[in-house]
Every structure is written in structure tokens, then in C-alpha cells.
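Participant: Can you read through this structure? Questions will come right after.
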Amino acid sequence: MTKAITLEELKAKFHDGMTIMVGGFLANATPERIVDAILESGVKDITLISNDTSYLDRGCGKLIVSRQVTKLVASHIGTNKVTGERMNSGDLEIEFSPQGTLAERIRAAGAGLGGVLTATGIGTDVEKGKEKIVVDGKE
């Protein structure tokens, strides 16, 4: 049994409100054909999990520019000015996650874990809205 599907079969799986995770770093190793298929599909209200939002015309940055993404979980947005503009206007919800923490969250989710504990972000804006747990007297 093959696990490969065609691009057309993949497009049929897209739906509004979906969460997708896109690999790559600043459009390097990003699955451009799949990103383009998402663009063409017109799905909206996407939650995007990605290291960054790439550039305006490459990688998952195109999904930001097309306004198909309404929530972003990422560690870096500085190379795509539309991401910052949408964040500042309140049009795009962004959950920043330091790069190592983001990788660990992805690993934990893949392993079926409910979460991971990390001291990264304690005492910074990153901790806002997150539960703090004390283990052996340490936050």
C-alpha cells in the first residue's frame, strides 16, 4: 500500500479552520507546491505552525500575505513585513515560541505527550498567558 497521494487528493483534505505545520527555514526546504495548493484552495482561518513566516513571495509567507492564516505559532517573523503589520493591527494572532521550545513542543505532540516543561521565557513577555509550574522550588 502506498502512502503517497496526488496533489489533487491532498487539496481535497484542506478545510477552513484547519491547523497546518510547515517545515523549512526562511523558505529553504519549504514544500512550495503544497503551500501553493493551499493558496489555490482558498481555505481560510488557518492556524499555522512554522519556524518563521519567510518572505512575502516565498514559503508560508504567501499564506500570511493572502490572509488565509488567522493564528500563527512561530519563533521568528522579522523577514516578512506583512506578518508584523497584521500582528500590530490585531488582524493576526501570534503565539511566539522560542525556536528550541517550538521544536520540543512539536516533538512532544508527535509523541502524544500533553506538554513539556521549560524555563525558557520565565520573566519575559513569552510567559504571558502560560501556566507556570514549580518543580523542586524552581519555576
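Participant: Taking 2.2 N^0.38 Å as the expected size of a compact globular protein, what ratio does the Cα radius of gyration of the chain give against it, to two decimals?
Facilitator: Details: Rg = 16.4 Å, N = 139, 2.2 N^0.38 = 14.3 Å.
In units of the 2.2 N^0.38 Å rule of thumb, it is 1.14.
Participant: Compute the distance from the alpha-carbon center of the stretch 40-65 to that of the stretch 106-139, in whole Å.
Facilitator: 26
Participant: With viscosity set to 1.567 mPa s and temperature to 4 °C, compute the Stokes-Einstein D of the stretch 59-134, Rh being the Kirkwood radius across alpha carbon pairs; µm²/s, no decimals.
Facilitator: On the way: Rh = 13.8 Å.
The Stokes-Einstein estimate is 94 µm²/s.
Participant: So, for the chain, what is the accessible surface per residue at a probe of 1.4 Å, expressed in square angstrom? Don't jump to the answer; show the numbers that get you there.
Facilitator: Working: 8480 Å² over 139 residues.
Here the per-residue accessible area is 61 Å².
Participant: Using amide H atoms built in the peptide plane, which far-off residues or other-chain residues are under 5 Å from L26 H to H?
Facilitator: D52, S54
Participant: Ok, one more. What is the pair-distance distribution P(r) of the stretch 15-62, computed from all Cα-Cα distances in 5 Å bins starting at 0, with each bin given as a whole percent?
Facilitator: Per 5 Å bin, starting at zero, the Cα-Cα P(r) for the stretch 15-62 comes out as 5, 24, 34, 27, 10, 1 percent.
Participant: Along the stretch 68-74, what does the Karplus equation 6.51 cos²θ - 1.76 cosθ + 1.60 (θ = phi - 60°) give for ³J(HN,Hα), rounded to whole Hz, x for Gly and Pro?
Facilitator: Once rounded to whole Hz, the list reads 7, 9, 10, 9, 10, 10, 7.
Participant: A further question follows. Could you please report the charge total around L72, scoring K, R as +1 and D, E as -1 over all other residues with beta-carbon less than 15 angstrom from its beta-carbon?
Facilitator: Here the count lands on +1.
Participant: After finding the eigenvalues of the alpha carbon gyration tensor for the stretch 41-81, what semi-axes result from the square roots of 5 times each, listed largest first in whole Å?
Facilitator: On the way: eigenvalues 48, 28, 10 Å².
Largest first, the stretch 41-81 gives 15, 12, 7 Å.
Participant: Rounded to a whole number, what % of the accessible area of the chain do carbon and sulfur atoms account for, probe 1.4 Å? Spell out each step's value before the answer.
Facilitator: On the way: 4570 of 8480 Å².
Percent of accessible area from carbon and sulfur atoms in the chain: 54.
Participant: Which percent, to the nearest 5, of DSSP beta bridges fully inside the stretch 41-124 are antiparallel? Mind showing how you got there, number by number?
Facilitator: Details: 1 of 10 bridges.
Here the antiparallel bridges make up roughly 10 percent for the stretch 41-124.
Participant: Let me ask something else. Using θ = phi - 60° and the Karplus curve 6.51 cos²θ - 1.76 cosθ + 1.60, what whole-Hz ³J(HN,Hα) does each residue of the stretch 88-95 get, with Gly and Pro shown as x?
Facilitator: 5, 7, x, 7, 10, 7, 10, 10
Participant: Let me ask something else about it. Running a GNM on the chain with Cα contacts under 10 Å, which residue among G90, G110, G17 ends up with the highest mean-square fluctuation?
Facilitator: Highest fluctuation of the listed residues: G110.
Participant: Turning to a different aspect of this structure: Could you check the spin-label model distance between K3 and D125? Points 7 Å from the Cα along Cα→Cβ, value in nm.
Facilitator: In this crude label model, K3 to D125 measures out at 3.9 nm.
Participant: Quick one: dipole size for the chain, taken about the Cα centre, charges +1 on Lys/Arg Cβ and -1 on Asp/Glu Cβ, in debye to the nearest 20.
Facilitator: On the way: 17 positive and 19 negative charges, 31 e Å.
I would put it at about 140 debye.
Participant: Over the stretch 28-139, calculate the relative contact order: mean separation of alpha carbon pairs under 8 Å at least 6 apart, over the residue count, as a percent. Before the final figure, lay out the partial values.
Facilitator: Values: 140 pairs, mean separation 20.7, N = 112.
Relative contact order for the stretch 28-139 comes out at 18 percent.
Participant: Once the other residues with Cβ under 15 Å from the Cβ of R58 are scored (Lys, Arg +1; Asp, Glu -1), what is the net sum? Intermediate values should be presented prior to the final figure.
Facilitator: Values: positive: R33, K62, K81; negative: E32, D36, D52, D57.
Every neighbour counted, the sum reads -1.
Participant: Loop-only trypsin sites (Lys or Arg not before Pro) in the stretch 60-139, please: DSSP not H, G, I, E or B, and at most 14 other Cβ atoms within 10 Å. Working shown, then result.
Facilitator: Numbers: sites: K62, R67, K71, K81, R86, R105, R107, K128, K130, K132, K138; in loops: R67, K128, K130, K132.
Sparse-neighbourhood loop trypsin sites (Lys or Arg not before Pro): R67, K128, K130, K132.
The values are calculated or read from the model by the stated rules, or taken from the named source; none is laboratory data. Since the model is a prediction, treat every value here as computed from it, not as a measurement. So basically every Cβ, Gly included, is an ideal-geometry build from the backbone, and we count neighbours across all protein chains shown. For accessibility, only protein heavy atoms count, side chains too; no ligands or nucleic acids. Shrake-Rupley method; radii C 1.70, N 1.55, O 1.52, S 1.80 Å.
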